[in-house]
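The structure under discussion appears below in the form of structure tokens.
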Amino acid sequence: MTGRSAQKHTVFLWHRRAGLTAIVFVIVLAITGIALNHTDALKLDERYIDSAFLLGWYGLEPEGEAISYDVGEHVITVLDHQVFFNTYPVTTTTQAFHGAVGTAQLIVLAFDTELLLLTADGELVERMPTGQGFSEIQRIGIKYQRPVIETAGPRYYMADEHMLDWDVIINEDIAWAQQITLDQTKMAVMLESFRGRGLTLERVMLDLHSGRIFGAYGIYLMDAAAVALLWLSFSGLWVWWQRQLKQKRKHHYQKHHRG
Amino acid sequence: MKKYVLLLLLLSFSVTGLAGGVYQEPDAFVTEAFAGHPPKAAVIWPSSELKAQMKQILGHDYKGLRIRYWKEGNRTAWILDEIGKDKPITTGFITNQGKIETVRVLIFRESRGWEVRHAFFTDQFDNVALTNMNRLDRNIDNITGATLSVRAVTKLARVALLLDEAVGEKNNT
């Protein structure tokens, strides 16, 4: 093989390799590029993703089950560390949720070592760490319209109406908070509230096109695909030019040296 | 050389591991503040004016409609939370006639900036009062690498003094 043909062979070989390697990314770039050029016509910004995998990938799918308690006219739910008053997010917590009760003045939510007090409208009144006095709350209930908690032991404490002082009581006539299951419609509204405005198809297309969907290094992956596309253009041009030269030489030989 | 690098790495991890945590339970702080006989807790429901002043200090609304305190004579104990970088720092304050008597970091949840728990930092607040502009009347030295925690505790000190003033006014009326 001559030096020239070896060089041509190498370029052709790398042209083929680059083409095969970049083919998936080029297809993704092309499809997402065309789709993004017609965002309005395809209504990409109005279509919301409901794939659990993609929502999870974007961190929009809650972890764990929703825990809900009925507090009269309202429902308190904790879903993936987020506390909801009906479907309105109130605050966050890192502790396990042990129930909620509605008293005459306040709604009281019980966690491992903390009580949250809300108004009847769901406004946060106070975060109340239980400290050494009583910890490891197991459940919450109500007696004489006052909140009662059961701690590990077990021991039972009843608060005054302002939740400032606690008395030790016996486990008698306490209506313990009962966990409820949200119906599908309420759960759907809850999930919608958890995810905020949700994930649009346009966002996914943009992130696929830029490579950001694959994380911090995804953009370099797409950069590499773009470089491969450039290489394919130049190497393809070079291979085509070499073939043109070969054709010309062949025609010239046939014209001047035949018979 | 590799051994020293490994040792340094291990030491740095162990220091980080020991850094955060519960230094003192809030109610233990209150009990200690009143020599084992804490008064009954009381609450203040900040007025809109007070809320605005707190917001100016903290840079955001104080979460919660009421704040718990323990008062005996002129001494008042406060347990307040403020986020340093990502997580709340729970700090106990004892105020006495418009001045800070004690500052103690009770629960530190962040991975950095825990140096604010040490006395060399908290002692700077002794007898500090508020100016007319709701600023501390003494400069609090920063700790390199713990700037956000220093800011959070300093802001809380200003809030504690502001609340002390409000409680004092409430008791006088």
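The values are calculated or read from the model by the stated rules, or taken from the named source; none is laboratory data. Keep in mind that this is a model prediction, so the values were computed, not measured. Cβ atoms come from the backbone with ideal geometry, glycine included; neighbour counts cover every protein chain shown.
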Residues (surrounded by fewer than 14 Cβ atoms within 10 Å (Cβ to Cβ) and either closer than 27 Å to A:Ala188 by Cβ or in contact (Cβ under 8 Å) with a residue 40 or more places away in the chain (or both)) located in the stretch A:22-44 | A:Gly33, A:Lys43
Kindly check whether there is at least one residue in the stretch A:95-111 that is buried (at least 19 other Cβ atoms within 10 Å of the Cβ), not in a strand (DSSP E or B) and not hydrophobic (A, V, I, L, M, F, W, C).
-> yes
Checking B:Lys71 against (1) surrounded by fewer than 22 Cβ atoms within 10 Å (Cβ to Cβ); (2) within 12 Å of chain A (Cβ to nearest Cβ); (3) touching a Pro at 6+ places or on another chain (Cβ under 9 Å), which single condition isn't satisfied?
-> (2)
Would you call A:Gly141 away from chain B (no Cβ under 13 Å), in a loop (DSSP other than H, G, I, E, B) and over 31 Å from the mean Cα position of the chain (by Cα)?
-> no
Please go through the stretch A:130-151 and pick out each residue that is touching a helix residue (DSSP H, G or I) at 6+ places or on another chain (Cβ under 6 Å) and crowded, with 20+ Cβ neighbours inside 10 Å.
-> A:Gly131
Closer than 20 Å to A:Gly59 by Cβ, of a type outside the set (Asp, Glu) and surrounded by 15 or more Cβ atoms within 10 Å (Cβ to Cβ): does that describe A:Met205?
-> yes
Can you pull out the residues in the stretch A:45-87 that are charged (D, E, K, R), loosely packed, with under 12 Cβ neighbours inside 10 Å and assigned to a helix (DSSP H, G or I)?
-> A:Glu46
Select, from A:Glu161, A:Glu150, A:Glu126, the only residue that is within 14 Å of another protein chain (Cβ to nearest Cβ), of a type in the set (D, E, K, R) and in a strand (DSSP E or B).
-> A:Glu126
Inspect all residues belonging to the stretch B:58-66 and state whether any of them is touching a Phe, Trp or Tyr at 6+ places or on another chain (Cβ under 9 Å) and in contact (Cβ under 8 Å) with a residue 24 or more places away in the chain.
-> no
Verdict on A:Gly211 being on the phi > 0 side of the Ramachandran plot, buried (at least 16 other Cβ atoms within 10 Å of the Cβ) and in the same structural domain as A:Ile31 (by TED's automatic domain parsing) | yes
